[in-house]
Amino acid sequence: MSIPSFPSRLPQVGTTIFTTMSALAVEHGAVNLGQGFPDFGCDPALVDAVTHAMQAGHNQYPPMAGVRALREVVSGKTQALYGHHYDVDAEVTITAGATQAILTAILACVHPGDEVIVLDPCYDSYLPNIALAGGVAVHVPLTPHSFRPDIARIAAAITPRTRLLIINSPHNPSASVWSGEDMRALEAVLAPTSVLLLSDEVYEHMVYDGAPHQSAARFAGLAERAFVVSSFGKTLHVTGWKIASVCAPAPLTAEFRKVHQFNVFSVNTPMQYGIAQYMARPASYEGLAGFYQAKRDLFRAGLADSRLKLLPSSGSFFQCVDISQVSDLPDTEFCQWLTREIKVAAIPLSAFYADGFDQRVVRFCYAKQDDTLREALQRLRGL
């Protein structure tokens, strides 16, 4: 019996660089600073809250939009931090992680032939999601090395066929952060258009040096057209739980939920109840910036005397470095060499560009135990 063949929906997609580098790290016993997830546990009180929810019988399907208590937490937090009220019933949806949220938003509003503006480098799910919707990705580069948004280039990329713009701040992979001035400039550019906005804000609580996170929810002209994506996994150090939220105006949420109910329907019930109980206390996220800034500062101090040139790390839990003074290798080959010979794994930034643009920059993740970071720094110190 032969298996029928069919054309791939994603012919350009293969093994990701994250899978490749993690496998290489295991093979060579390297400290893995490549993939972006913590190597430490969450607050035991959060696990207790989820356990209590299970024991209390919260183990069947929740409402499609999410447990109301958790949607109330999201709405209240957004009001308190960003000054924008989202209706709990009509404008907040709990999702199976941010990746599902992003796919669902794109499928909800992008029709075949619609253009979607993406800012390179970008998170690796954006382009496959656009392809699955039949959309056309329009690439606008962030400024090399600084990764600042070029608002004029974004404006020039908008056409009558533009349906959606995707932004991400704090930014993965570059660790740059959009300023209030950036967001106001974008608000002015989009004002005369019908372009929708997908604002990927999964690192919202990881903005450093006293700067506030500039959520799209802060700006009326952006909030009225935006899907705002947040992540409990990133905020609570539980990336494997795959729970996130999307806030959007009621008409956008109605379309979002039409897709959501058929690609996932609902999200893990006891974890929703547990997170709702745990996050009722603002302390559950208020100290996150200081916690990760200390790790950033430890990592940057350890590389200060190396030939790796530190680029700014204003948010997220990533540190990018320019490798030009260390090696002439392309960034992907350098990361492979670094993993084999120095036994520290990183991710080449070219992997986040559709055209593989190599600016001799690689990304480390410092969301690790301090001892893990010190071990990596000891190995990197000779570079």
Of the residues in the range 69-94, those that are crowded, with 22+ Cβ neighbours inside 10 Å and in contact with a His (Cβ under 7 Å, 6 or more places away or on another chain) number 2
All conditions in (1) closer than 30 Å to LYS295 by Cα; (2) outside the structural domain of PHE262 (by TED's automatic domain parsing); (3) not small (Gly, Ala, Ser) are true of GLN12 except (1)
Please count how many residues of the range 175-217 are within 15 Å of the chain's Cα centre (by Cα) and β-branched (Val, Ile, Thr). 3
The range 132-149, residues that are in a helix (DSSP H, G or I) and either surrounded by 18 or more Cβ atoms within 10 Å (Cβ to Cβ) or not assigned by TED's automatic domain parsing to the domain that holds MET183 (or both): ALA133
Kindly indicate whether ALA65 is out of contact with any Gly (no Cβ under 6 Å at 6 or more places or on another chain), in the same structural domain as PHE256 (by TED's automatic domain parsing) and either assigned to a loop (DSSP other than H, G, I, E, B) or more than 22 Å from ARG225 (Cα to Cα) (or both). yes
Scan the range 166-174 and give yes if some residue there is over 18 Å from the mean Cα position of the chain (by Cα) and not polar (S, T, N, Q), otherwise no. no
Selection within the range 307-334 - farther than 17 Å from PRO170 by Cα, in contact with a Pro (Cβ under 8 Å, 6 or more places away or on another chain) and of a type in the set (Ser, Thr, Tyr): THR332
Can you find a residue that is closer than 29 Å to THR193 by Cβ, touching a residue at least 60 places away in the same chain (Cβ under 8 Å) and either more than 20 Å from the chain's Cα centre (by Cα) or outside the structural domain of ARG225 (by TED's automatic domain parsing) (or both) anywhere in the range 90-104? yes
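Could you please find all residues in the range 311-331 being among the hydroxyl-bearing types (Ser, Thr, Tyr) and touching a helix residue (DSSP H, G or I) at 6+ places or on another chain (Cβ under 6 Å)? Step through it out loud before you land on a result.
Within the range 311-331, the first condition is being among the hydroxyl-bearing types (Ser, Thr, Tyr), and the residues that meet it are 313-314, 316, 324, 327.
Result: SER313, SER327.
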Given the criteria touching a helix residue (DSSP H, G or I) at 6+ places or on another chain (Cβ under 9 Å) and in a helix (DSSP H, G or I), does PRO128 qualify? yes
Qualifying residues in the range 124-159 (those that are under 20 Å from TRP178 (Cα atoms) and among the hydroxyl-bearing types (Ser, Thr, Tyr)) - the one nearest to the chain's Cα centre (by Cα): TYR126
For residues that are over 13 Å from CYS109 (Cβ atoms) and β-branched (Val, Ile, Thr), scanning just the range 254-272, find the one that is farthest from the chain's Cα centre (by Cα). THR269
I need a count of the residues in the range 148-201 that are without any contact (Cβ under 8 Å) to a residue 60 or more places away in the chain, touching a strand residue (DSSP E or B) at 6+ places or on another chain (Cβ under 8 Å) and closer than 19 Å to ALA211 by Cβ. 7
Restricting attention to helices (runs of 4 or more DSSP H) lying wholly within the range 213-319, give those where 3 or more residues are of a type outside the set (Phe, Trp, Tyr) and surrounded by fewer than 18 Cβ atoms within 10 Å (Cβ to Cβ). 250-263, 288-303
Could you please let me know if PHE18 is among the aromatic types (Phe, Trp, Tyr), more than 30 Å from ALA280 (Cα to Cα) and either assigned to a helix (DSSP H, G or I) or in contact with a Gly (Cβ under 8 Å, 6 or more places away or on another chain) (or both)? yes
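Here's the yes/no breakdown for (1) out of contact with any Lys or Arg (no Cβ under 7 Å at 6 or more places or on another chain); (2) under 28 Å from GLY36 (Cβ atoms); (3) among the β-branched types (Val, Ile, Thr); (4) assigned by TED's automatic domain parsing to the domain that holds PHE219:
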| position | (1), (2), (3), (4) |
| --- | --- |
| LEU107 | yes, yes, no, yes |
| PRO112 | yes, no, no, yes |
| VAL118 | yes, yes, yes, yes |
| ILE151 | yes, yes, yes, yes |
| THR159 | yes, no, yes, yes |
| PRO170 | yes, yes, no, yes |
| LEU186 | yes, yes, no, yes |
| VAL189 | yes, no, yes, yes |
Quick one: in the range 320-344, of everything that is of a type in the set (A, V, I, L, M, F, W, C) and assigned to a loop (DSSP other than H, G, I, E, B), which residue is surrounded by the fewest Cβ atoms within 10 Å (Cβ to Cβ)? LEU329
Of the conditions (1) touching a Cys at 6+ places or on another chain (Cβ under 6 Å); (2) in a helix (DSSP H, G or I), VAL362 fails just one. Which one is it? (2)
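The values are calculated or read from the model by the stated rules, or taken from the named source; none is laboratory data. Remember, it's a predicted structure, so these values are computed and weren't measured experimentally. Cβ: placed from backbone, ideal geometry, glycine included. Neighbour counts: every protein chain shown.
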